[in-house]
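Chemist: Just dropping this structure here.
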Protein chains: 2
Amino acid sequence: MYRTAHCGELTEEQVGKTVKLAGWVQKRRDLGGLIFIDLRDRSGIVQVVFNPEGSKQAMDIADKIRSEFVIELTGDVILRDKSSVNDKMATGRIEIAAKEVAILNKAKNPPFAIKDQPDTAEDVRLRYRYLDLRRPEMLETFKMRHKITKKLRDFLDDEAFLEIETPMLTKSTPEGARDYLVPSRVHPGEFYALPQSPQIFKQLLMVAGMEKYYQIVRCFRDEDLRADRQPEFTQVDIEMSFFEQEPFIAMIEKMMTELVAEIKGKSVEKPFQRMTYAEAMGRYGSDKPDTRFGMELIDLSTAVKGCGFKVFKQAIENSGQVKALNVEGQAAKYSRKMIDDLAAFISTYGAKGLAWLKVEGEGLKGPIAKFLEEEVSAAIIEKMGAKDGDLLLFCADSPKVVADSLGALRLKLGKELGLINEEALNFLWVTEFPLLSYDEEAGRYVAEHHPFTMPMAEDLKKLEMAPGEVRAQAYDLVLNGYELGGGSARIYQRDVQEKMFKALGFSKEEAEEQFGFLLEAFEYGTPPHGGVALGLDRLVMILAGRSNLRDTIAFPKTASASCLLTKAPSAVSDRQLEELQLKSTAGLKEVKADI
Amino acid sequence: MYRTAHCGELTEEQVGKTVKLAGWVQKRRDLGGLIFIDLRDRSGIVQVVFNPEGSKQAMDIADKIRSEFVIELTGDVILRDKSSVNDKMATGRIEIAAKEVAILNKAKNPPFAIKDQPDTAEDVRLRYRYLDLRRPEMLETFKMRHKITKKLRDFLDDEAFLEIETPMLTKSTPEGARDYLVPSRVHPGEFYALPQSPQIFKQLLMVAGMEKYYQIVRCFRDEDLRADRQPEFTQVDIEMSFFEQEPFIAMIEKMMTELVAEIKGKSVEKPFQRMTYAEAMGRYGSDKPDTRFGMELIDLSTAVKGCGFKVFKQAIENSGQVKALNVEGQAAKYSRKMIDDLAAFISTYGAKGLAWLKVEGEGLKGPIAKFLEEEVSAAIIEKMGAKDGDLLLFCADSPKVVADSLGALRLKLGKELGLINEEALNFLWVTEFPLLSYDEEAGRYVAEHHPFTMPMAEDLKKLEMAPGEVRAQAYDLVLNGYELGGGSARIYQRDVQEKMFKALGFSKEEAEEQFGFLLEAFEYGTPPHGGVALGLDRLVMILAGRSNLRDTIAFPKTASASCLLTKAPSAVSDRQLEELQLKSTAGLKEVKADI
């Protein structure tokens, strides 16, 4: 047997006992003729001491041991001298007096030290991911991920949801521009697609009478990666028949509050805050507002209508808006240079400028102050609740640019000014999303969530004449400004689904070709149904207090979708491609240019 | 609210209560002015009666209702007349007197009846999988699959295994001839591979210090499909550090016996039976013997050595074997024609013929009897324990052909003669597998399990000189003649892994190119480790008493890896292929022939 105890679990209660341990050498140091080793396993660290008055064999081997060696040892649990007690360490009151030791495997000197707050570049750590994962905070994150997953499964089991697996080799759809394709060897020229979500299959399970389904499932999206996206990610997928939004949302709230209680020992209030999409965009300039701090967007469009400042006046005349943030008490802190930097920041969201005013006494100061009539200034001060020392930042543009710019600026300032309570867990439902949005590039409407989302009953009649105005029976769950996931009631009638495809610009034939099997399924007794899909990686990230999705995934990929450890993707043999009857044209252009 | 109760859970206790139900119409019948509906939901079926003396509205709607309509209804739970009590039905003592009813969705007449033991061809049922899944035995199978999965997860959680997810987009390896490839858009000309198993990643998790890992994970194999294989399948993957075979096997036995107790209410004895690979091949002609019945292969090689029957004599002279089955008491039943059919059957396993003898009184009768000397006959009778009325079936050939032929014949006869106790659950460990087997086609040794399997310590020195004789520290778990899965101690030292790659015919450069990252990882403090992988689909199949893997998978594929419901795989747009810089050459040959 390699061990009878675990390093991190030893306490004064075991003093006097002989234990066998196995693990990694965190560090070794020689001190006054003794050798000390910090031995680490998954449970934690314990100090081992080798004494030359004890076993010579043990001393000889201890002399050869280096950091990250894997060893097993037998020793007695003893109390430390009072002078060497370390109360910062769980096992700091005891140590192990080594009697026997054996090296199970050696280790080269690692390319970086195994410690938290690493100062090594992330690409090096990803290349040696197995070393990076040894850091205590990584281990803790994966222990927490396990616990979160377990708790969610237990909860859903209690609620009578069946875990059912859906295929990974699925059909590519025209909505699936970002599908990963998998060539078929048996059917050359044809492809499977890896699922972006099990959407259609979970709906078919509802048609099949499974009533309550869940799955913690890998999904794939081949998109240009942003820092917080991964090509493969894990979704907590929940769907039920005879679905009604309110009891379903209440169940998800119960699930999340129980989860937070178990994982973080924190109590979160129910029901969660709720806000329509229109309200979220209006007050926070975001469909996933971080409600841990205020500094909301204040609409001044009425107050400044027809005022003397041309930029404001024209924005309103062009069906735009004028909105502002009140950066309370920060007027003195922000120099003109700093405000110029903020203007540059919001210009990336399309804003053409950032007007500003500082409140001095009861008046407004700043380059645009002179253009504002007295009653306009008074109205601004009143609307903004502005006081002496406040900084007011204005954006005048189309509603979209105003929301994007001030929404982003609000978040940036909230972080910079330390307005965010990092301990808070602010859950929020955003409801009544638009069903469709117009895609200028594609020249057609696209589904805001997905094409299977049920329109709100009272908007259904607009689906043909004014598709942009239709609201969806959809809701997103937001936590601390991150979209945890979203869900909806689904369309379950063939005629409604056909209208939806039509609104998305599908011809009858295209709809039949791509989704005929689903339309057909709807004709064989499909119950009303709906559900939600939550991003597990992001949930773990927030609960574990990490700032990077990669820290929650054992073997993540880089922003260019590469695995630096295994070097995937990689070239494959010609024989493999021949079997698939495929040719790569990559690099062919250069060859042609040479000819 | 759609419902206050579930159909199958109503009993006499609810009599007098008003309930609301929702579900599917199993059938409707009109009888003496009343309308009866069997209403089905996931929990079961209850009878609903519509009485014209009650609500006219309900009666009118009931009149329109057809099979598989989705309805909701309100009614009173009442006792049935004594004459109409149905004790075969869980809810057979009560019925629902309908007061209100509404149609939630209509249904066309389904292409086949929703009932067990379907008489519809499987391809039609796969095309309408959502209807086939409505059959009670399918629903029960998926409920059981959920329970099995839950129990395994709970057990592994209790044993401190962490559920950790490994990538689906991985690196293709030369051992991965059957990899599904995924072209990369970001890195044109390069490919990911879908994992055949998370083997390397779980080993890297051990290097990372996770110590105990599990995952219930999808795996992929693009092979020519046999009836009992699927291109994607689910594996219960378990790996631990500081691994020792005996305690690990004991833990898996505990897991399986607890599982069987919970799922089947049956007690299975521990420890499981155990047998070396050599013994299993010798006694059963199979590395996954069905031990639910006897009729073992009896080795007569010594008994018939140099006998007068040339076929036997020559087989022994050519380093072959002569083995036989004793089909006890069946001599009278098997005509010459039937024995000819058995000979034809084993010819597919390479046997050139099937010699046979019938025991009559104390003598042997049959075409070869006259060639056998008296003492040879006596030795055969003694070795075979032959009695009057027994049928003896002989195969004389190379050990492989003898094992394959008689192994298959034994199974066939065991089934035909009803020798198998279908209620039994016979678990068996097969140990000491060969590490390598020689692949004639490839002209080199290939790994019997995989290239990361640890050789038995005492055979390690043979790895270079006699690789075919090296036994592995590997074990398979067999249940009722099915391989449930297998595992091993893994190689954790760079030098041993390098020797293994060399034995597999890899050059140093090839090993480095493909597995350099793993060899490197082994140098940074890798603990001894090992584990097991069990096939979940097959486990569910056996425990649910199904005979087909497809019955355990919600949306399975056909033998040609197609989904008949969604029509995957399918053609994709030229634009998608262009983005991947790929060209399909499928069908190009015909085009060329036309030119």
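The values are calculated or read from the model by the stated rules, or taken from the named source; none is laboratory data. Here the structure is a predicted model, which is why all the values come from computation and not from measurement. So basically every Cβ, Gly included, is an ideal-geometry build from the backbone, and we count neighbours across all protein chains shown. Ligands, DNA and RNA are stripped out before the accessible areas are found, and what is left, the full protein with its side chains, is counted by its heavy atoms. Shrake-Rupley method; radii C 1.70, N 1.55, O 1.52, S 1.80 Å.
Chemist: Tell me the distances, shortest first, between A:E223 and the same position across the other copies, using label points 7 Å along Cα→Cβ, in nm to one decimal.
Modeler: Nearest to farthest, the other copies are at 3.8 nm.
Chemist: How much accessible surface does B:T91 have with a 1.4 Å probe, in Å² rounded to 10?
Modeler: Roughly 0 Å² of B:T91 is accessible to a 1.4 Å probe.
Chemist: Return the percentage of antiparallel bridges among DSSP beta bridges fully within chain B, rounded to the nearest 5 %.
Modeler: Percent antiparallel among DSSP bridges in chain B is about 90.
Chemist: Could I ask something else about it? Show B:I45, B:I65 ordered by accessible area, largest first, where the area counts protein heavy atoms only and the probe is 1.4 Å.
Modeler: Largest accessible area first, the list is B:I45, B:I65.
Chemist: Turning to a different aspect of this structure: Provide the solvent-accessible area of B:E12, counting protein heavy atoms only and rolling a 1.4 Å probe, rounded to the nearest 10 Å².
Modeler: 90
Chemist: Counting only other residues whose beta carbon sits under 12 Å from that of B:L425, what net charge do I get with K and R as +1, D and E as -1?
Modeler: Spelling it out: positives minus negatives among the neighbours equals -1.
Chemist: Calculate how many DSSP beta bridges within the range B:12-105 are antiparallel, expressed in % of all such bridges and rounded to the nearest 5.
Modeler: Values: 31 of 33 bridges.
Once the DSSP bridges in the range B:12-105 are tallied, antiparallel ones form about 95 percent.
Chemist: A further question follows. Which percent of the accessible area of the range B:388-449 is formed by carbon and sulfur heavy atoms (probe 1.4 angstrom)?
Modeler: Whole-percent figure for carbon plus sulfur exposure: 45.
Chemist: Hey, what number do you get for chain A at 222 nm if only DSSP H runs of n ≥ 4 count, each worth -39500 (n - 2.57), divided across all residues, to the nearest 500?
Modeler: Numbers: 18 runs with 181 residues, N = 595.
That comes out to -9000 deg cm²/dmol.
Chemist: Work out the charge dipole of the range A:293-420 with +1 on the Cβ of Lys and Arg and -1 on the Cβ of Asp and Glu about the Cα centre, then indicate which of A:G294, A:M338, A:L393 is farthest towards its positive end.
Modeler: Positive-end residue among those listed: A:M338.
Chemist: Oh, and also: Suppose we compare each residue of the range A:8-40 in its chain alone and in the full protein complex with a 1.4 Å probe; which ones drop by at least 50 Å² of accessible area?
Modeler: Hits at the 50 Å² cut-off: A:W24.
Chemist: Using the 7 Å Cα-to-Cβ label point, sort the distances from B:A160 to its equivalents in the other copies shortest first and give them in nm to one decimal.
Modeler: For B:A160, the inter-copy label distances come out at 3.8 nm.
Chemist: Sticking with this one: Eigenvalues of the Cα gyration tensor times 5, then square-rooted: what semi-axes does that give for chain A, in whole angstrom, largest first?
Modeler: 51, 37, 25
Chemist: Could you give the dipole magnitude of the range B:274-342 about its Cα centre, charging the beta-carbon of Lys and Arg +1 and that of Asp and Glu -1, in debye to the nearest 20?
Modeler: 140
Chemist: Tell me, what is the FRET efficiency for A:L79 and A:A571 to the nearest 0.05, using R0 = 41 angstrom and their Cβ-Cβ distance as r?
Modeler: Numbers: r = 60 Å, r/R0 = 1.46.
With R0 = 41 Å, the Cβ-Cβ based efficiency is 0.10.
Chemist: Here's something else I'd like to know. Of B:H6, A:H450, which has the most accessible area with a 1.4 Å probe, and how do the rest follow in descending order?
Modeler: Most to least solvent-accessible, the answer reads B:H6, A:H450.
Chemist: How much length would be gained if the chain were fully extended between B:E375 and B:E159, taking 0.36 nm per residue of separation minus their Cα-Cα distance, in nm to one decimal?
Modeler: 71.8 nm
Chemist: OK, next. Provide an ascending nm list, one decimal, of label-point separations from B:A278 to the equivalent residue in each further copy; define each label point as 7 Å from Cα along Cα→Cβ.
Modeler: 8.2
Chemist: Over chain A, what is the relative contact order in percent, taking alpha-carbon pairs closer than 8 angstrom and at least six residues apart?
Modeler: 12
Chemist: Still on this model: I need the Debye-formula profile for the range A:30-182: one equal scatterer per C-alpha, no solvent, reported as log10 I(q)/I(0) at q = 0.16 1/Å, two decimals.
Modeler: At q = 0.16 Å⁻¹ the computed log10 ratios are -1.04.
Chemist: With a probe of 1.4 Å, find how much accessible area the protein assembly as shown has per residue, and write the answer as a whole number in Å². Walk me through the intermediate numbers first.
Modeler: Working: 50180 Å² over 1190 residues.
Heavy-atom SASA per residue in the protein assembly as shown reads 42 Å².
Chemist: Ok, one more. How big, in percent, is the set of alpha carbon pairs in the range B:420-560 lying more than 21 Å apart?
Modeler: Tail fraction, whole percent: 54.
Chemist: Could I ask something else about it? Taking a probe of 1.4 angstrom, what is the accessible area of A:I381 in Å², to the nearest 10?
Modeler: Estimated to the nearest 10 Å², A:I381 gives 40 Å².
Chemist: Am I reading the A/B interface right? What is its buried accessible area, both sides, 1.4 Å probe, to the nearest 100 Å²?
Modeler: Interface area, both chains combined: 11100 Å², rounded to the nearest 100.
Chemist: If you take the alpha carbon radius of gyration of the range B:339-488 and divide it by 2.2 N^0.38 Å, what ratio comes out, to two decimals?
Modeler: Details: Rg = 19.8 Å, N = 150, 2.2 N^0.38 = 14.8 Å.
Dividing the Cα radius of gyration by 2.2 N^0.38 Å gives 1.34.
Chemist: While we're looking at this one, here's another question. Could you check how much of the accessible area of the range A:12-105 is carbon and sulfur, as a whole percent, using a 1.4 Å probe?
Modeler: Looking at the range A:12-105 in its full context, I get 48 percent from C and S.
Chemist: In terms of the Cα gyration tensor, with a ≥ b ≥ c the square roots of its eigenvalues, is the range B:222-287 rounded because a/c is under 1.5, prolate because a/b exceeds b/c, or oblate?
Modeler: rounded
Chemist: Over the Cα atoms of the range A:12-105, what radius of gyration and what Dmax do you get, in Å?
Modeler: Rg and Dmax of the range A:12-105, Cα atoms, are 12.1, 34 Å.
Chemist: Taking a cut-off of 19 Å between Cα atoms, list the aspartates and glutamates near B:K64, but don't count ones fewer than 8 places away on the same chain.
Modeler: Correct list for B:K64: A:E523, B:D30, B:D38, B:E53, B:E72, B:E100.
Chemist: Something else about it: Which percent of the Cα-Cα distances in the protein assembly as shown go past 57 Å?
Modeler: Summing the P(r) tail past 57 Å for the protein assembly as shown gives 29 percent.
Chemist: Could you order B:T18, B:T234 by accessible surface area, starting with the largest, using a probe radius of 1.4 Å? Please report the intermediate quantities before stating the final value.
Modeler: Numbers: B:T18 80, B:T234 5 Å².
My answer, sorted largest first, is B:T18, B:T234.
Chemist: How much of the DSSP beta bridge set in the range A:375-531 is antiparallel, as a percent to the nearest 5? Walk me through the intermediate numbers first.
Modeler: Details: 20 of 20 bridges.
In the range A:375-531, approximately 100 percent of DSSP beta bridges are antiparallel ones.
Chemist: Step through the table entries A:K337/A:K358; A:K313/A:K383; A:K171/B:K108; A:K20/B:K212, compare each Cα-Cα distance with 23 Å, and write down the pairs that go over it.
Modeler: From the list (A:K337/A:K358; A:K313/A:K383; A:K171/B:K108; A:K20/B:K212), the Cα-Cα distance tops 23 Å for A:K171/B:K108.
Chemist: Ok, one more. For the range A:167-288, what Kirkwood radius comes out of the mean inverse Cα-Cα distance, in Å?
Modeler: 17.7
Chemist: Give me the net charge of A:Y214's neighbourhood, meaning all other residues with Cβ under 10 Å from the Cβ of A:Y214; Lys, Arg count +1, Asp, Glu -1.
Modeler: Around A:Y214, the charge tally is -2.
Chemist: Enter the mean number of other protein chain beta carbons within 10 Å of the beta carbon of each residue in B:127-138, as an integer.
Modeler: Other-chain Cβ atoms within 10 Å of each residue's Cβ, averaged: 5.
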